[in-house]
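For reference, the structure is listed below as structure tokens.
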There are 2 protein chains.
Amino acid sequence: MAATIRDVAKLSDVSVATVSRVINQISTVNPETQKRVKKAMEQLKYEPNLVAQGLASKKTQTIALILPNISNPFFSDIVRAVEDVAQSNGFTVILCNSDGLVSKEQSYIEVLRKKYIDGIVFASNTLRIEDIEQLKKDNISLVVLDYSSTMESCSIIRAKNREGARMAVSHLLEIGCKKIAHIYGPIGDQTAKNRLEGYEEMVHSFSWYSPTLLVPGHFTINGGFEATKMLLEKHPDVDGIFAGNDLMAVGVLKALHQMGKKIPEDLAVCGFDGIYLTEITQPELTTIAQPIYELGEKAAKILINKINGLLEEDNVYELDVTLIKRDSTIKAH
Amino acid sequence: MAATIRDVAKLSDVSVATVSRVINQISTVNPETQKRVKKAMEQLKYEPNLVAQGLASKKTQTIALILPNISNPFFSDIVRAVEDVAQSNGFTVILCNSDGLVSKEQSYIEVLRKKYIDGIVFASNTLRIEDIEQLKKDNISLVVLDYSSTMESCSIIRAKNREGARMAVSHLLEIGCKKIAHIYGPIGDQTAKNRLEGYEEMVHSFSWYSPTLLVPGHFTINGGFEATKMLLEKHPDVDGIFAGNDLMAVGVLKALHQMGKKIPEDLAVCGFDGIYLTEITQPELTTIAQPIYELGEKAAKILINKINGLLEEDNVYELDVTLIKRDSTIKAH
DNA sequence: AATTGCACTGAAACCGGTTACTTTAACTAA
DNA sequence: TTAGTTAAAGTAACCGGTTTCAGTGCAATT
């Protein structure tokens with residue numbers, strides 16, 4: 001149906017090799033010949049077949065984005081950023097929800113490899129070293145997002161989690177909190193761990209500090225909700241809560257509301273991430289905002305640079321976070 | 001590097017055709033030959049190259065999902081559903097954010113065609129008939145989501161928008177509202193139009209009804225916010241607002257809160273969609289819930305059936321909506 | 001015994017590109 | 001004049017599969 005490279009070659013009276021050269025703007029093709037070929041391409045409405053190109057060149061202009069769950073608003077912003085960058089560089093993106101399951105990731109990676117994908121943005125905490133090695137062997141570029149590790153055999157983009165946590169606690173202290181608790185994310189998740197460490201660094205020397213001020217909330221709304229109930233049972237005098245992410249902070253808010261606590265008068269709440277949800281709650285949430293879009297953008301840009309051979313070394317990029325003060329810690333005037 | 005079909009053929013001492021037959025479980029291959037081939041495949045860790053398969057068969061086991069913006073929580077649930085179904089059927093999904101721009105959609109469709117994509121789930125209101133025809137010609141299956149139109153030359157999945165709107169208004173009437181306004185979505189958007197029509201049908205015969213009770217809110221939080229301010233200036237006695245989607249309803253809540261109105265005592269609010277945001281607001285939002293995941297699921301299933309040739313005719317599927325009563329209309333006890 | 005049908009398999013064309021290698025002709029340097 | 005470049009283009013192998021068509025051997029039919 002559609003015209004092929006051979007049709008173009010025939011019509012412009014050159015070999016397919018020459019047509020291919022024109023398409024890929026390779027080496028030296030006589031300007032006049034070039035014109036003839038281009039004219040033929042137009043006449044036939046020729047468009048290179050990307051699958052054939054992929055087979056021959058082993059480059060498919062496709063990247064994949066692996067993340068736990070797109071329903072998480074943090075990730076949907078990431079997706080948007082990655083897609084934007086990909087799109088404007090002529091790449092297409094395949095989306096993969098792993099649910100944080102190694103098995104799912106495994107099977108995705110496998111099929112992606114068989115599809116000659118050019119690179120992967122990996123926004124998940126479950127990447128294994130073997131996988132990294134395997135991908136390298138298959139010449140699939142890799143950028144890891146929101147991941148901490150001492151091992152750095154690949155490029156990593158993340159926000160300053162520990163520093164952000166310190167900022168959060170420091171803000172709570174500033175507004176006068178006398179006993180600050182922390183609700184933390186999944187153990188095993190490096191991001192959650194770094195935030196917890198930041199909290200600990202700030203509070204461990206206070207006389208009121210006790211490890212029982214640490215409660216797990218699994219990075220979910222409901223987790224934050226349950227954690228708050230548990231926490232206030234043990235420590236009714238807590239007057240500040242630093243939640244390890246915004247979703248849990250929402251849960252905190254819900255719980256406090258249900259318990260009839262006033263925010264921020266009785267208890268101040270600070271989240272982490274800066275997803276748009278924080279503007280929707282009542283009161284609006286103070287949070288440590290990551291530059292979410294920029295994280296995704298940077299990850300995609302670096303990945304594409306690697307794919308295009310413009311970047312060799314593997315670096316760790318740590319983006320700054322910012323404290324956004326809202327009504328959950330200070331009443332705006 | 002990796003083993004090819006010819007390696008397998010050589011090792012198992014058959015032709016590549018036979019190996020291909022084993023791979024695709026086609027026709028009759030002698031069980032013993034089959035065993036030999038399979039053993040060779042295992043020995044060589046052979047995995048068919050999907051790009052080559054795609055080129056030869058013009059089937060790539062890939063579908064695309066075109067939607068306005070993944071950041072919209074409604075769509076992120078859709079994505080999740082589509083991806084789940086695709087995944088479990090051996091398909092991979094390419095995500096395309098169109099921002100509702102015909103130009104972007106156009107360029108996506110073009111590149112998708114060149115990639116031999118098998119089908120498209122189109123979750124946007126801007127589809128043009130020419131595109132539908134073109135896709136048909138290229139043998140690319142199509143399912144349209146959340147789209148209304150008299151033209152039905154393709155399969156359409158949507159919720160009962162008009163009926164849902166009627167349910168919303170009817171609920172507001174039941175709880176005693178005496179003057180109900182409607183904030184509607186973008187003109188030109190069929191979904192928004194149908195909801196508006198449902199509202200009108202329910203209220204046009206009341207003496208209090210006036211077309212000025214209709215205010216545009218663009219399906220965004222901020223749009224709902226502005227609309228509410230405008231509305232209450234003109235109609236301070238409105239005591240019920242039906243927002244055309246949940247995002248606008250959130251905006252309504254924010255505006256009312258700012259104006260010091262009590263919800264639902266002074267004003268009752270009902271949204272539409274049933275995104276999880278409605279459980280996060282204070283008060284929680286009454287809404288007409290669409291079965292969002294099911295919409296995406298159904299769309300993907302139908303698409304894949306069409307791709308696999310199991311489904312020929314084009315149907316319109318209308319899924320039921322349900323009223324979820326929450327504190328923005330009735331105080332729970 | 002000749003014919004037909006069927007199960008099984010192979011040869012080779014094909015999908016639509018890329019690219020290593022070669023050839024040709026014109027151009028430069030010695 | 002002659003060898004050495006170089007720009008421009010062609011030939012054909014190659015990427016790794018699918019599929020059409022043809023052929024073989026053997027059992028069933030007449």
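A few points about this structure:
- Under the simplified labelling scheme, the A:Thr322-B:Ser103 pair shows an inter-label distance of 2.9 nm, with each label point 7 Å from Cα along Cα→Cβ.
- Out-of-range pairs (alpha-carbon distance over 23 Å; input A:Lys10/A:Lys45; B:Lys178/B:Lys229; A:Lys104/B:Lys114; A:Lys35/B:Lys104; B:Lys136/B:Lys160; B:Lys58/B:Lys306): A:Lys104/B:Lys114; A:Lys35/B:Lys104; B:Lys136/B:Lys160
- Taking chain B and dividing mean pair separation by its residue count, relative contact order in percent (alpha carbons under 8 Å, at least six apart): 17 percent
- Summing charges over all other residues whose Cβ lies under 15 Å from the Cβ of B:Thr220, with Lys and Arg as +1 and Asp and Glu as -1, gives -4.
- Region A:231-246 residues near the modelled A:Thr212 label - backbone nitrogen below 16 Å, point 7 Å along Cα→Cβ: A:231-239
- Fraction of C-alpha pairs exceeding 16 angstrom in region A:150-221: 52 percent, rounded to a whole number.
- The angle separating the long axis of helix B:190-203 from the principal Cα axis of greatest extent in chain B is about 30 degrees.
- Within the accessible area of region B:161-290, the carbon and sulfur atoms contribute 52%, probe 1.4 Å, all protein chains present.
- Mean accessible surface per residue for region B:161-290, computed with a 1.4 Å probe while every protein chain stays in place, in Å²: 38 Å²
- Solvent-accessible area buried by A and B, counting both chains, probe 1.4 angstrom, square angstrom: 4200 Å²
- Listed by chain and number, the aspartates and glutamates whose alpha-carbon sits under 14 Å from that of B:Lys193, ignoring those within fewer than 8 places in the same chain, are B:Asp146, B:Glu163, B:Glu201.
- Residues whose amide H falls under 5 Å from that of A:Ile157, counting only those 5 or more places apart or on a different chain, are A:Val144, A:Leu145, A:Asp146, A:Tyr147, A:Tyr317, with hydrogens built in the peptide plane.
- Projected area averaged over orientations for region B:26-114, convex hull of C-alpha atoms, nm²: 8.0 nm²
- Of the GluC sites (Glu not before Pro) found in region A:243-321, those that fall in a DSSP loop while having at most 13 other beta-carbon atoms within 10 Å are A:Glu265, A:Glu312, A:Glu313.
- Area accessible to solvent at A:Met41, 1.4 Å probe radius, in Å²: 40 Å²
- Value in Å of the Kirkwood radius, where region B:1-73 supplies the Cα pairs that are averaged: 14.1 Å
- The listed peptides A:93-99, B:121-127, A:319-325, ordered by packing as a protection proxy, come out as B:121-127, A:93-99, A:319-325 (highest mean of other Cβ atoms within 10 Å first).
- Region B:266-286 versus region B:305-326: alpha-carbon centroid distance in Å: 26 Å
- Each 10 Å bin from 0 upward holds the following percent of the Cα-Cα pairs of region A:161-291: 14, 53, 31, 2.
- Rounded percent of accessible protein surface that carbon and sulfur make up, region A:5-48, 1.4 Å probe: 48 percent
- Per DSSP, loop trypsin sites (Lys or Arg not before Pro) in region B:215-262 with at most 16 further Cβ within 10 Å: B:Lys262
- For A:82-95, mean number of other protein chain Cβ atoms within 10 Å: 4
- Longest to shortest principal axis, alpha-carbon extents of region A:278-318, angstrom: 48, 15, 7
- 20 Å binning of all Cα-Cα separations within the protein assembly as shown, expressed as whole percents from 0 upward: 17, 44, 31, 9, 0
- From the alpha carbon centroid of region A:17-69 to that of region B:149-204 is 48 Å.
- Counting heavy atoms of the protein chains alone, A:Cys154 has an accessible area of about 10 Å² for a 1.4 Å probe.
- Backbone geometry of region B:3-13 corresponds, through the Karplus equation with coefficients 6.51, -1.76 and 1.60 at θ = phi - 60°, to 3J(HN,Hα) couplings of 5, 10, 4, 6, 4, 4, 4, 4, 5, 9, 6 Hz, x marking Gly and Pro.
- For chain A, the Cα-based Rg and Dmax, in that order, read 25.6, 87 Å.
- Calculated [222 nm] ellipticity per residue, helices only, for chain A: -14000 deg cm²/dmol; basis is -39500 (n - 2.57) per DSSP H run with n ≥ 4, divided by all residues, nearest 500.
- Dimensions in Å of region A:56-198 - Rg and Dmax from alpha carbons: 17.5, 66
The values are calculated or read from the model by the stated rules, or taken from the named source; none is laboratory data. Quick caveat: nothing in here was measured; it's all calculated off a predicted structure. So basically every Cβ, Gly included, is an ideal-geometry build from the backbone, and we count neighbours across all protein chains shown. The area values use the complete protein model at the heavy-atom level, side chains included, leaving out ligands, DNA and RNA. Shrake-Rupley method; radii C 1.70, N 1.55, O 1.52, S 1.80 Å.
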